[in-house]
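The values are calculated or read from the model by the stated rules, or taken from the named source; none is laboratory data. Quick caveat, the model's predicted, so the values are computed rather than measured. Reconstructed Cβ throughout: ideal geometry from the backbone, glycine too, with neighbour counts over all protein chains shown.
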Amino acid sequence: MSARASHPLQSETTPQGVQTLVPGVRPITARDRLDHLMEVAACRAKAARYRPLRW
């Protein structure tokens, strides 16, 4: 059996509360959020182009 690491996990305080930083998982940045919003907007615009017209 392996022993647990003796050092605690790192954490950061955000507006939502204290968040645990997990080793090997990159934190989500403001740039990541903006990229996602831009991608969603582009997908919606593309879908709207192909939406059938209602008469």
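Which condition breaks for Glu39 when tested against (1) part of a loop (DSSP other than H, G, I, E, B); (2) at pLDDT 85 or above?
It is condition (1) that Glu39 fails.
Output the residues belonging to segment 19-36 that are surrounded by 10 or more Cβ atoms within 10 Å (Cβ to Cβ), modelled with pLDDT of 85 or more and β-branched (Val, Ile, Thr).
Of everything in segment 19-36, those that are surrounded by 10 or more Cβ atoms within 10 Å (Cβ to Cβ), modelled with pLDDT of 85 or more and β-branched (Val, Ile, Thr) turn out to be Thr20, Val22.
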